[in-house]
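**Q** For reference, the structure I am asking about is given below.
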Amino acid sequence: MSKSVLQLPVIERAEAARQVVRLTLQAPEWARAARAGHFINLLVPGRRDLLWRRPFSVHRADRSRGTIDLLVARMGRGSESLAECAPGDHLDAIGLLGNCFPFDPGLHEIIMVAGGIGIAPFDLLLQDVQGFSCKKSLFYGARSAGDLCRSTLWAESGAEVHLTTEDGSTGSRGLVLDELRRYLGSSANHAGRVIYGCGPTPMLAALREMALALGIKGYVTVENRMACGFGACVGCAVELAEARRDGQKYLLACKDGPVFPIEEILFHD
Ligand SMILES: Cc1cc2nc3c(=O)[nH]c(=O)nc-3n(C[C@H](O)[C@H](O)[C@H](O)COP(=O)(O)OP(=O)(O)OC[C@H]3O[C@@H](n4cnc5c(N)ncnc54)[C@H](O)[C@@H]3O)c2cc1C
Ligand code: FES
């Protein structure tokens, strides 16, 4: 699908968690075409001082209503303004951008690992794999119960959900990777499993080590800071673990990603 610039009407706004707002946008073509990993680049309305667009993953697509949902975490000036958008507002958006999580129908289990707002692409992934018989496991961690963005799709898709909170207010106390390590440690055979990760860089770095040590295939979507969003500024470079044959040692998250095989890239804070 070619990229386009659209003015998208906001049709719903809801608080999804503490500091996170869910926006529902009317976008029939993108609702049909979006796959987990795709993102859109939004101009911040009413803020002419913010020149760069802000990237947001497509969180969910309702193909019959022709809508897409975004989760917007309040991080700074741009996301604060976007989170205040209300039904009736229009957002200037470029999309659909990026690649998506690869999925092999022969898999036995997909293991989604989300930290904080890294939960954003996984509703759409659950929608993408609906109808396939593989086991769907979601490991999702946040600071506290009120920071978790819960979803009706978890039950609808039959996903096995493992929640962790740092303060123990819901699920297991600790970090999401502690829970994942316990789960994977209870089985010696990881054939047919794939890990999909999205979250803070230290979590992705540790997830990479775990996947490599256990020999589990995996993909991560990186949420590097972006500026131009189309490959011109080199502001979103991702370092490869090994240089390619042509000597290339970096890829661009906006153009080559944001989804990468977990073993291919290195993470830096
Ligand atoms: C491909 C992609 C998909 C994304 N999907 C989502 C999503 O679905 N939901 C969501 O809430 N956010 C998502 N993000 C992150 C989101 O784009 C940033 O949080 C947002 O652009 C910050 O803009 P701001 O003006 O609010 O913050 P700024 O005022 O620019 O910065 C405020 C603070 O946020 C930090 N920050 C800014 N950008 C990022 C970033 N990319 N990652 C981590 N910290 C950052 C800054 O270091 C600073 O401390 C995504 C990013 C990418 C690259
Ligand atoms: S954001 Fe400019 S090259 Fe990726």
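**Q** Please list the non-local residues whose amide H lies under 5 Å from the amide H of GLU12, H modeled 1.01 Å from N, same-chain partners needing a gap of 5 or more.
**A** Residues meeting the criterion, in which the H sits 1.01 Å from N, are THR24.
**Q** Which percentage, to the nearest 5, of the DSSP beta bridges contained in region 109-266 is antiparallel?
**A** Antiparallel bridges: around 25 percent, rounded to the nearest 5.
**Q** Right, here's the next one. Taking amide hydrogens as modeled 1.01 Å from N in the peptide plane, which residues meet the under 5 Å criterion relative to PHE139, leaving out close sequence neighbours?
**A** The list, which skips near neighbours in sequence, is MET112, VAL113, ALA114, HIS162.
**Q** Taking only Cα atoms and a 10 Å spring cutoff, compute GNM fluctuations for the chain and point out the largest among GLY158, GLY66, GLY185.
**A** Highest fluctuation among the options: GLY185.
**Q** I would also like to ask the following. Apply the Karplus curve 6.51 cos²θ - 1.76 cosθ + 1.60, θ = phi - 60°, to the phi angles in region 134-140 and return the couplings in whole Hz, x for Gly and Pro.
**A** Result, rounded to whole Hz: 4, 5, 10, 10, 10, 10, 9.
**Q** Mind ranking HIS38, HIS268 by accessible surface for me, highest first, 1.4 Å probe?
**A** Listed by decreasing accessible area, they come as HIS268, HIS38.
**Q** For the chain, list the cysteines whose Cβ sits under 4.7 Å from no other cysteine Cβ?
**A** CYS85, CYS100, CYS134, CYS149, CYS198, CYS236, CYS254
**Q** Right, something else. Taking the Cβ of THR67 as the centre, find all other residues whose Cβ is under 14 Å away and add up their charges (Lys, Arg: +1; Asp, Glu: -1).
**A** Working: positive: ARG13, ARG22, ARG32, ARG60, ARG63, ARG65; negative: GLU12, GLU29, ASP62, ASP69, ASP123.
Value of the local net charge: +1.
**Q** I would also like to ask the following. Give, in nm to one decimal, the length gained when the segment between ASN99 and ASN189 is fully stretched (0.36 nm per residue of separation minus the Cα-Cα distance).
**A** Length gained between ASN99 and ASN189: 29.5 nm.
**Q** Something else now. Given a cut-off of 35 Å, what percent of all Cα-Cα pairs of the chain lie beyond it?
**A** 13 percent
**Q** Using DSSP, restrict attention to beta bridges with both residues in the chain and report what percent are antiparallel, rounded to the nearest 5.
**A** Working: 37 of 62 bridges.
If I count the DSSP bridges inside the chain, around 60 percent turn out antiparallel.
**Q** Moving on. If you average 1/r over all unlike Cα pairs in region 153-194 and invert the result, what Kirkwood radius do you get in angstrom?
**A** Details: mean 1/r = 0.0847 Å⁻¹.
For region 153-194, inverting the mean 1/r across all distinct Cα pairs yields 11.8 Å.
**Q** Another question about this same structure. Expressed as a fraction of 2.2 N^0.38 Å, the rule-of-thumb size for a compact globular protein of N residues, what is the C-alpha radius of gyration of region 4-97?
**A** Working: Rg = 12.0 Å, N = 94, 2.2 N^0.38 = 12.4 Å.
So the Cα radius of gyration is 0.97 times the expected 2.2 N^0.38 Å.
**Q** So what's the back-of-envelope 222 nm ellipticity for the chain, counting only DSSP H runs of four-plus at -39500 (n - 2.57) apiece and dividing by all residues, rounded to 500?
**A** Using -39500 (n - 2.57) per qualifying helix, the result is -5000 deg cm²/dmol.
**Q** Over 22 Å between C-alpha atoms is what I'm after, so list which of LYS135/LYS217; LYS3/LYS249; LYS136/LYS217 land there.
**A** Checking Cα-Cα distances, LYS3/LYS249 exceed 22 Å.
**Q** Among TYR196, TYR219, TYR250, whose mean-square fluctuation peaks in a Gaussian network model of the chain (Cα, cutoff 10 Å)?
**A** TYR250
**Q** Sticking with this one: Find the percent of Cα-Cα distances in region 109-266 that exceed 18 Å, and round it to a whole number.
**A** More than 18 Å apart: 60 percent of the Cα pairs in region 109-266.
The values are calculated or read from the model by the stated rules, or taken from the named source; none is laboratory data. Because the structure is a prediction, the values reported are computed rather than measured. So basically every Cβ, Gly included, is an ideal-geometry build from the backbone, and we count neighbours across all protein chains shown. The area values use the complete protein model at the heavy-atom level, side chains included, leaving out ligands, DNA and RNA. Shrake-Rupley method; radii C 1.70, N 1.55, O 1.52, S 1.80 Å.
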